[in-house]
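The values are calculated or read from the model by the stated rules, or taken from the named source; none is laboratory data. Computed from a predicted structure; not experimentally measured. Counting neighbours? That spans all protein chains shown, and the Cβs are built from the backbone with ideal geometry, glycine included.
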Amino acid sequence: MTSANRYLTSWESYWSTLSGAPGEIFWDADPAYAAQQDLALFKGHVDPQLPLIDLGCGNGTQTRFLANHFAKVIGTEIAPAAVQLAERTNGAANVTYRVLDVLRPDDAEALHGEIGDANLYMRAVLHQLSPSDHATAVQSIEQLLGEKGILYLVELSSAAEPFFAKLIAEHGPPPGLARVFQHQITPGMLHERNLKSLFPPDRFTLLGTGPSHIRTVHNLPTGEVVKVPAFYAIFRRR
Ligand SMILES: C[S@@+](CC[C@H](N)C(=O)[O-])C[C@H]1O[C@@H](n2cnc3c(N)ncnc32)[C@H](O)[C@@H]1O
C-alpha cells in the first residue's frame, strides 16, 4: 500500500464513523477563533478575485466561514466521507467540495487547469503527513498557487508534542483525540525550523510567519479551552 493510500484508508475510516455530535471533532473550533483570526493575518496579501481553496478542509467549518470573504471557495479533501459531511453540514452558494489528495500533484495541476491560480488555506494538514511526503505536498501547492495565489498555513509547532504529553499525563487523552488514534492516524510533524527547506527562498517568498495555536473543542476540568501550540506562515511563489 502506498503512503497516499494509507492516508485515504485511515481518514476515510475516521470521517465515515462520526455521528455528528457537537464536540466530536477535536480541532473543529468555532471559526470566530480559527479562520477569522487567520484571515486577519493573510487578507492583506491576497488577490480576492482569485478562488480560495481550503486544502484538507475536513467537515468544512472553516471553509464555510471563508466563503463569506471570497467569491468562490473550494474545499478539498482526501476522504470522500469528509466531502459528503462538508456538503451536508457546511454548504453555501459559493462553496463546492471535492476529493483531492494533496499528494497527487497531477490532480492539483488538473484543478489549476480548471480554475486558474488560487489562494490556499491549510489548517492543521501538513503536520498530518509523514515528513517524507512534505515535498510532494509542496509540489501540489505550487501547482495550485500558480503565479498569483498565496498560501496561508497554520500547523502544530514543535511545542505541540510536549504540550500533548503534559495534557495526557495530567488529564488523560481527550476523547476527540482518542477517536483520531482509533483510526490508525499517526500524526507526523512539521517543525517550524524546516519551513525554509520545504519552501526554499528560490521558489517561494515568505510574506509572514509567527506563533499561533490550533484551538480545539476540548475543555479542561478548569473550563479552559485546549489550544495547541502552532505557527502560521504565508508564502507566494517567486
Ligand atoms: C486535523 S484535520 C484538519 C481539517 C480542517 N483543515 C480543519 O481545520 O478543520 C486534517 C485533515 O487533512 C485531511 N488529509 C489528510 N491527508 C490528506 C491528503 N493527503 N490530502 C488531502 N487531505 C488530507 C484529513 O482528511 C483531515 O480532514
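Scan segment 96-126 for residues that are in a loop (DSSP other than H, G, I, E, B) and in contact with a helix residue (DSSP H, G or I) (Cβ under 9 Å, 6 or more places away or on another chain) and the total you get is 8. Could you list, in sequence order, the residues of segment 6-21 that are assigned to a helix (DSSP H, G or I) and β-branched (Val, Ile, Thr)? Scanning segment 6-21 gives a single hit, Thr9. Restricted to segment 189-238, and to residues there that are surrounded by 14 or more Cβ atoms within 10 Å (Cβ to Cβ) and part of a loop (DSSP other than H, G, I, E, B), the residue that is modelled with the lowest pLDDT is Met189. Of all residues in segment 1-16, exactly one satisfies the criterion of being in contact with a Lys or Arg (Cβ under 8 Å, 6 or more places away or on another chain) and modelled with pLDDT of 95 or more, namely Tyr14. Across segment 125-132, not a single residue is classified as more than 11 Å from the ligand (Cβ to nearest atom), under 15 Å from the mean Cα position of the chain (by Cα) and either of a type outside the set (Asp, Glu) or farther than 30 Å from Glu161 by Cα (or both).
So is Ser157 polar (S, T, N, Q) and surrounded by 15 or more Cβ atoms within 10 Å (Cβ to Cβ) or not? Yes, satisfied. Residues being near the ligand (Cβ under 9 Å from one of its atoms), under 20 Å from Thr61 (Cα atoms) and surrounded by fewer than 20 Cβ atoms within 10 Å (Cβ to Cβ) are entirely absent from segment 103-110. Taking the numbered list (1) within 12 Å of the ligand (Cβ to nearest atom); (2) part of a loop (DSSP other than H, G, I, E, B) in turn, Val180 passes all entries but (2).
The single residue among Glu109, Glu170, Glu142 that is over 18 Å from Arg236 (Cα atoms) and not polar (S, T, N, Q) turns out to be Glu170.
Tell me whether segment 73-82 contains one or more residues that are among the β-branched types (Val, Ile, Thr), touching a residue at least 40 places away in the same chain (Cβ under 8 Å), near the ligand (Cβ under 10 Å from one of its atoms) and more than 20 Å from Ser19 (Cβ to Cβ). Yes, that holds for at least one residue.
Applying the criterion of being over 16 Å from the mean Cα position of the chain (by Cα) and either in contact (Cβ under 8 Å) with a residue 40 or more places away in the chain or within 9 Å of the ligand (Cβ to nearest atom) (or both) to the residues of segment 42-71, the residue that is farthest from Leu206 (Cα to Cα) is Phe70.
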